[in-house]
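Below is one structure, written out as structure tokens, with a few remarks after it.
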Amino acid sequence: MVIDLKKIFVNDNSSLPIEYELDMSSVDFRGVVPLKAPVKFSGTVSNKASLVALQAEISYTYTAPCDRCGLETGEEVKVKLDKALAASIEGEESESIILVPDMKLDLDELIYSEVVLSIPTKHLCNENCKGICSKCGKNLNEGKCGCPEKEIDPRMQALADLLK
Ligand SMILES: [Zn+2]
Ligand SMILES: [Zn+2]
């Protein structure tokens with residue numbers, strides 16, 4: 001959706017609330033499609049003393065297999081946005097300014113890029129997930145598997161964890 005913000009840009013003290021949902025259920029991240037429900041956007045564009053700003057929250061549920069045990073797990077992600085909007089930028093571009101050529105905001109593009117930036121890089125069903133046994137494949141969250149436990153040098157274990 002592209003939003004025409006001309007009315008906001010030319011009228012001091014005006015504001016426009018925006019509620020929107022974007023379907024990203026077909027977007028693939030590292031081999032999974034984690035955004036099964038639409039991404040929600042809720043915010044306001046306002047003009048205060050000729051400064052146009054966007055304050056918004058993007059929220060979505062990231063559903064993917066746990067990094068350790070593979071259990072499909074949902075995780076709630078919220079991104080807060082507080083940005084200035086400018087129809088043109090003089091000088092250097094900045095992270096806190098969104099450029100809106102012709103005073104039109106491409107909301108899909110904005111949501112898309114904020115979601116990509118905020119996608120969790122680490123995803124666990126539970127912080128204490130024990131993972132699966134590397135020998136027999138049993139989910140160790142459900143109990144011990146009976147494979148002989150080896151004493152592992154903790155330094156080697158740290159290395160093994162890094163390599164996962
Ligand atoms: Zn897990
Ligand atoms: Zn085992």
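Each reported figure results from applying straightforward, stated rules to the coordinates on display, with no laboratory input. Predicted model only: the values in this text are computed from it and were never measured. We place every Cβ from the backbone using ideal geometry, glycine too, and count neighbours over all the protein chains shown.
Taking Cα atoms, how many degrees apart are the long axis of helix 107-118 and the longest axis of the chain, rounded to 10 and kept between 0 and 90?
Relative to the chain, helix 107-118 is tipped by roughly 30 degrees.
Under a crude label model (7 Å from the Cα following the beta-carbon direction), how far is GLU57 from ASN11 in nanometres?
Calculated label separation equals 2.7 nm.
Return a whole-number percent for the relative contact order of the range 36-131, with Cα pairs under 8 Å and 6 or more residues apart as the contact set. Before the final figure, lay out each step's value.
On the way: 148 pairs, mean separation 24.6, N = 96.
Normalised by residue count, the contact order of the range 36-131 is 26 percent.
Quick one: length gained pulling LYS48 to PHE29 fully straight, 0.36 nm per residue minus the C-alpha distance? It would help to have the intermediate numbers written out before the result.
Working: separation 19, 0.36 × 19 = 6.84 nm, distance 3.83 nm.
Additional length available on full extension: 3.0 nm.
What is the spin-label model distance, in nm, from GLU21 to ILE3 if the labels are put 7 Å beyond Cα along the C-beta direction?
Distance between the two pseudo-spin positions: 1.8 nm.
Find the Cα radius of gyration of the chain, compare it with 2.2 N^0.38 Å by division, and give the number to two decimals.
Output field value: 1.47.
Hey, fewest Cβ within 10 Å first, where do LEU16, LEU51, LEU85 land in order?
Ordered by Cβ neighbours within 10 Å, fewest first: LEU51, LEU16, LEU85.
If you take the beta carbon distance between LEU163 and GLU72 as r and set R0 to 25 Å, what does 1/(1 + (r/R0)^6) give as a FRET efficiency, to the nearest 0.05?
Once the sixth-power term is evaluated, E becomes 0.55.
Near LYS164, which lysines are there with a Cα under 28 Å away, not counting those fewer than 8 places off in the same chain?
Of all the lysines, those that pass the test against LYS164 - Cα under 28 Å, at least 8 places apart if same chain - are LYS36, LYS78, LYS122, LYS130, LYS135, LYS138, LYS144, LYS150.
Mind giving me the FRET efficiency for LEU124 and ALA87? R0 is 45 Å, r the Cβ-Cβ distance, nearest 0.05 is fine.
About 0.55, to the nearest 0.05.
If you add up the charges near LYS104, with Lys and Arg at +1 and Asp and Glu at -1, over every other residue whose beta carbon is less than 9 angstrom from its beta carbon, what do you get? Please list the in-between numbers first.
Details: positive: LYS6; negative: ASP4, ASP102, ASP106.
Within the 9 Å Cβ shell, the charges total -2.
Tell me the net charge near LEU5. Cut-off is 12 Å between Cβ atoms, LEU5 excluded, with +1 for each Lys or Arg and -1 for each Asp or Glu.
Counting the neighbours of LEU5, the net charge comes to 0.
With each run of n ≥ 4 DSSP H residues scored as -39500 (n - 2.57), what mean residue ellipticity at 222 nm is computed for the chain after dividing by its residue count and rounding to the nearest 500 deg cm²/dmol?
Theoretical 222 nm ellipticity from helices: -4500 deg cm²/dmol.
Beyond 19 Å, what share of the Cα-Cα pairs of the range 91-156 is found? Please give it as a whole percent.
Details: 1350 of 2145 pairs.
When every Cα pair of the range 91-156 is considered, 63 percent fall beyond 19 Å.
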